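The values are calculated or read from the model by the stated rules, or taken from the named source; none is laboratory data. Treat the numbers as computed from the prediction; the structure is a model and nothing was measured. Every residue, glycine among them, receives a Cβ derived from its backbone with ideal geometry; neighbour counts consider all protein chains shown. Side chains included, ligands, DNA and RNA excluded: accessible areas come from the protein's heavy atoms. Shrake-Rupley method; radii C 1.70, N 1.55, O 1.52, S 1.80 Å.
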Amino acid sequence: MAYYIGGGGMTADARVRDWVDGWVLSRGAAPPSAEPWGFTVHVGLESHVSRHVLGAVNDGVREGDVREAARSVRATGAQLKVFADPERVLPWLGPGWEPYDLGDVLMTAELTGAEPPAPPAGYRVRTWTRDGVTRVLVTDAEGTFAARGQTATTGASTVVDMIETSEDHRRRGLGRVVMGTLQAAARAGGARRGVLAGTPAGQFLYRSLGWRTVAPLTNARRRPATAA
C-alpha cells in the first residue's frame, strides 16, 4: 500500500506514513503536512523544531527529492529523515547539514495475540493509556525506574517508541517484557502491524521478537549558520 502526497509529487510508502502518524501521536507533535517529497512535522523544541521525512524507502528514494527537501529546510534545529543508505543520501544534502545516529533502521512486525512475558521476580509492571498512547513502566521492588516504552496506535498500525532500560537493570529480560506488553496492548486496541525506528542497541531485541528491517534510516540535522 502507498499514499499519494504533495502537489504532483511522489507516492509515499505506507510504512513511512504509519511511522510518521504514530510518532506524531506518541510525541504530541503537530499533524504532518504533505510535501512533494514526503512530510513535515512541527515538533516545537529548540533542538528539534521540526522534522522532515522522505516518503520513499531504499531504491525508491530519489536524489532530486532529497536535494529538494534539504534545500527547502533552512531552520536551525530541523531534522531530516531519509529511509535509505547513508552512503547514498549524505552526499545529496549539501552544506549546512550534519549526520547523527547513523545505524538506525526502519522495522516492522505483524502483531500476534501472544501473552506478554511476566516480569522477573522483584519487578512490577504498570500500564496506562491516555489520548491514544499506551505507556509501560517497569520498576524494581522499591519503585525505582528499570525500563519503559510506549506505543501509539493509528488505525491498524502502531508505532513503538521510546524503549529504554536502565543500565542497572539490563540483561534481565525487561526489554522483552516492555515490548510484549506494548504489543499485546496495541493488538487489543485494534492494531495488526507495528513499525518502529530501531537504534543499533535495540535491533537485536527487536529481531529476536520477529521484527524485520525495512530500510536504513539516515538522520541529519541543520547546523546553525556560521558568520561570514
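Scanning segment 166-196 for residues that are open to solvent by less than 40 Å² (accessible area, probe 1.4 Å) and either on the phi > 0 side of the Ramachandran plot or part of a strand (DSSP E or B) (or both) turns up Gly173, Gly190, Gly194, Val195, Leu196. Only one entry in Arg88, Arg148, Arg135, Arg62 is of a type in the set (D, E, K, R), at pLDDT 95 or above, within 20 Å of the chain's Cα centre (by Cα) and under 28 Å from Asp13 (Cα atoms), namely Arg135. Scanning segment 56-68 for residues that are surrounded by fewer than 23 Cβ atoms within 10 Å (Cβ to Cβ) and free of Cβ contacts under 8 Å to residues at least 40 places away in the same chain yields Asp59, Glu63, Gly64, Arg67, Glu68.
Of all the residues that make up segment 75-92, how many are open to solvent by less than 10 Å² (accessible area, probe 1.4 Å), assigned to a loop (DSSP other than H, G, I, E, B) and of a type outside the set (Gly, Ala, Ser)? Residues that pass the stated criteria total 0. Any chance segment 104-123 includes a residue that's in contact with a Pro (Cβ under 8 Å, 6 or more places away or on another chain), within 20 Å of Gln203 (Cα to Cα), outside any strand (DSSP E or B) and touching a residue at least 40 places away in the same chain (Cβ under 8 Å)? Yes, because at least one residue in segment 104-123 is in contact with a Pro (Cβ under 8 Å, 6 or more places away or on another chain), within 20 Å of Gln203 (Cα to Cα), outside any strand (DSSP E or B) and touching a residue at least 40 places away in the same chain (Cβ under 8 Å).
Residues of segment 56-73 that are more than 18 Å from Pro32 (Cα to Cα) and assigned to a loop (DSSP other than H, G, I, E, B): Val61, Arg62. One residue stands out in segment 10-22 among those that are open to solvent by less than 20 Å² (accessible area, probe 1.4 Å) and at pLDDT below 95: the one that is farthest from Pro216 (Cα to Cα), namely Met10. Under 8 Å between Cβ atoms, at least 6 apart or on separate chains: pull out the pairs that start in segment 78-101 with a residue that is under 16 Å from Val49 (Cα atoms) and end on any residue that is of a type in the set (Phe, Trp, Tyr) and open to solvent by less than 30 Å² (accessible area, probe 1.4 Å). Pairs found: Leu80/Trp97.
Okay, residues lined up against (1) open to solvent by less than 50 Å² (accessible area, probe 1.4 Å); (2) farther than 26 Å from Leu217 by Cα:
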{"position": "Val73", "(1), (2)": "yes, no"}
{"position": "Gly94", "(1), (2)": "yes, no"}
{"position": "Pro99", "(1), (2)": "no, no"}
{"position": "Leu102", "(1), (2)": "no, no"}
{"position": "Gly113", "(1), (2)": "no, yes"}
{"position": "Asp140", "(1), (2)": "yes, yes"}
{"position": "Ala152", "(1), (2)": "yes, no"}
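Filtered by the rule that a residue be surrounded by fewer than 18 Cβ atoms within 10 Å (Cβ to Cβ), over 11 Å from Thr11 (Cα atoms) and not hydroxyl-bearing (Ser, Thr, Tyr), segment 35-50 gives His42, Gly44, Leu45, Glu46, His48, Val49.
Quick check on Leu25: is it of a type in the set (A, V, I, L, M), part of a helix (DSSP H, G or I), at pLDDT 95 or above and under 26 Å from Gly132 (Cβ atoms)? Answer is yes for this residue. Of all residue pairs spaced 6 or more apart or on separate chains, those with beta-carbon atoms under 6 Å, a first member in segment 147-161 that is more than 16 Å from Tyr206 (Cβ to Cβ) and a second member that is in a strand (DSSP E or B) and open to solvent by less than 10 Å² (accessible area, probe 1.4 Å) are Ala152/Val133; Ala152/Val159.
The residue that is nearest to Val159 (Cα to Cα), among those in segment 197-228 that are among the aliphatic types (A, V, I, L, M) and open to solvent by 60 Å² or more (accessible area, probe 1.4 Å), is Ala201. Against the list (1) open to solvent by 50 Å² or more (accessible area, probe 1.4 Å); (2) touching a helix residue (DSSP H, G or I) at 6+ places or on another chain (Cβ under 6 Å); (3) assigned to a strand (DSSP E or B), the condition Val53 fails is (1).
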